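The values are calculated or read from the model by the stated rules, or taken from the named source; none is laboratory data. In this text the structure is predicted, and so the values were computed from the model without any measurement. Here Cβ is always computed from backbone atoms with ideal geometry, including for glycine, and neighbour counts include all displayed protein chains. These accessible areas exclude ligands, DNA and RNA; they are computed on the full protein's heavy atoms, side chains included. Shrake-Rupley method; radii C 1.70, N 1.55, O 1.52, S 1.80 Å.
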Amino acid sequence: MSIESELKKNGIQVIKQLDTLKVNTLARNISARICDTFPNFGLNQDNLFIKLSRLNMYIAKMPDGMAEANYFYKNSSIYFNEHIPEDDLEEFAIHECIHHIQEVKDKKNYLLRMGLCDYTEFKVYGLGLNEASVQLMSSKIIGIPKDSVKYFGINFETTSPSYYPIECCLVNQLAYITGEDVLFESTINSNDNFKKKISELISEKAFLAVQNSIDELLEKEENIIQLNNKIASIDDRNKKVDNMLKKIDELKKEILVTFMRTQNLIISSYFDREFDKITNLETLEIYRRKLYHFKDYIGSTEGYTFFNDYYINKMDQLEHKYNVLENGGVETALKVTTKKENKLILFFKFLKKLVLGKSSQEETEQNLK
């Protein structure tokens, strides 16, 4: 399929091409911002500027629901929605420029890989994972603050409230586990460092399940956009429209279920494995803090109790493990009695009260200091 045919298929109509001066200005600013934000990823600002300055950039008409900017690897071009103010082009270009940097092609210009996404198999894997990671990188470069949002009945905080929010929420959980640098370095340099690291921490089986679920979420969201666009093109409501609306509702429910299932898998896969690695009071305290702060990364919905239930269960196990370690590994030592109880024991006890609603958040944080 030709570039023109592909653009037409996606509803993109070119209005004008950006001039060389504008492209160079965007390339210079974006290459500087990427290197300033990620100084340890082996990126060279001059080389990056040259690479980005060779991009073609266009203003175009785009259908509703499509991203405000799109990168086409076949002709190394970025297409901006005509509604974007000229002063905002740079922020929208960052995500697409990262795509250009991360692409790996063969000699025939076939795309082999784009960051965390593999194009060498019959089916593309990791598309959702890569899009979310690139968006998290873009948000970090731009400096977008966290915002509380609600999508598909799921409440969470994110630095990407408008683009791939639920995918970003899950990928941010993975980044919390591995560290952001491993994720972002692997994303922009198109290597397997992140996949190897996360597979070690949650198991390869769990990682592949998470990766597939994020792809599934992205696909279902795209299906909803396509259905909404079809509905918008129909003047009168009829049985066909009713069926499409019903399908949209089904997709939204499936998205919620898939998100929660995936989040629960991330939580249990990682923290179950890490619990078995606790060998002393120092690693126990590190584990406790990491589990506690994971609450800041989760999505929740009405009736969601998995994390709290898991949390309480692990606190009980940690209290027992603490007593055992404190008493030289003696399994029968189930309780430590001292005049001044250890802060960790206070926390264990407080957590149970907190979940039952008998204490305040301020007291929690005071006990954690």
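Excluding ligands, DNA and RNA, the accessible surface per residue across the chain is 53 Å² with a 1.4 Å probe.
For the chain, the longest principal axis of the alpha carbon atoms and the long axis of helix 193-202 meet at an angle near 30°. Given the alternatives (i) 24.1, 78; (ii) 21.2, 66; (iii) 23.1, 75, Rg and Dmax of the Cα atoms in Å as computed for this entry is given by (i). In this structure, the pairs whose alpha-carbon distance is over 22 Å, taken from Lys205/Lys277; Lys277/Lys314; Lys123/Lys253; Lys220/Lys247, are Lys123/Lys253.
Short-range pairs are left out: with C-alpha atoms under 8 Å and at least six residues apart, the relative contact order of the chain is 11 percent.
Summing Lys and Arg as +1 and Asp and Glu as -1 over all other residues whose Cβ lies under 15 Å from the Cβ of Leu208 gives a net charge of -1. Between His320, Thr301, Phe184, the Cα set farthest toward the positive side of the dipole of the chain (charges on each charged residue's Cβ, about the Cα centre) is that of His320. Close amide-amide hydrogen proximity is noted between Tyr125 and Asp118, each under 5 Å apart and 5 or more residues distant or on a separate chain (H modeled in the peptide plane; Pro and chain starts excluded). A Cβ-based charge dipole, computed about the Cα centre of the range 245-331 with Lys and Arg at +1 and Asp and Glu at -1, lands at about 460 debye. When only alpha carbons are used to place a centre, the range 32-108 and the range 198-267 end up 27 Å from one another. Measure nothing fancy, just the Cα-based angle from helix 127-142's long axis to the longest principal axis of the chain, in degrees from 0 to 90, nearest 10. Tilt relative to the chain: about 90 degrees. Picking from Leu129, Leu174, Leu111, which is most flexible by a Gaussian network model of the chain using Cα springs under 10 Å? Top of the fluctuation ranking is Leu111.
Between the range 118-173 and the range 308-324, the alpha-carbon centres lie 32 Å apart.
Simple rule: put +1 on each Lys or Arg Cβ and -1 on each Asp or Glu Cβ in the range 210-284, find the dipole, and look at Thr258, Gln211, Ser269; the Cα lying farthest toward the positive end is Thr258. Against the longest principal axis of the chain, how steep is helix 239-275, in degrees 0 to 90 to the nearest 10, with axes from Cα atoms? It is inclined by approximately 40 degrees. Step through the table entries Lys74/Lys108; Lys16/Lys107; Lys150/Lys252, compare each Cα-Cα distance with 19 Å, and write down the pairs that go over it. In this structure, Lys16/Lys107 lie more than 19 Å apart at Cα. Protein-only accessible surface at a 1.4 angstrom probe places the residues Thr20, Thr305, Thr178 in the order Thr20, Thr305, Thr178, largest first. The accessible-area ordering, largest first, of the residues Leu227, Leu183 stands as Leu227, Leu183, per a 1.4 angstrom probe. Using only side-chain charges placed at the Cβ, +1 for Lys and Arg and -1 for Asp and Glu, the dipole size of the chain relative to its Cα centre rounds to 600 debye.
Candidates Leu7, Ile94, Thr120 compared by Cα position along the dipole of the range 1-137: farthest toward the positive end lies Thr120, with charges placed on Cβ. Computed from point charges on the beta carbon alone (+1 for Lys and Arg, -1 for Asp and Glu), the dipole magnitude for the range 142-233 about its Cα centre is near 180 Debye.
Once the chymotrypsin sites (Phe, Trp or Tyr not before Pro) in DSSP loops with at most 12 neighbouring Cβ atoms within 10 Å are cut out of the chain, the longest remaining piece is 123-369.
Here the accessible area of the chain is 49 percent carbon and sulfur, with a 1.4 angstrom probe and all protein chains present.
In percent, rounded to a whole number, the relative contact order of the range 90-178 is 19, using alpha-carbon pairs under 8 Å and six or more apart.
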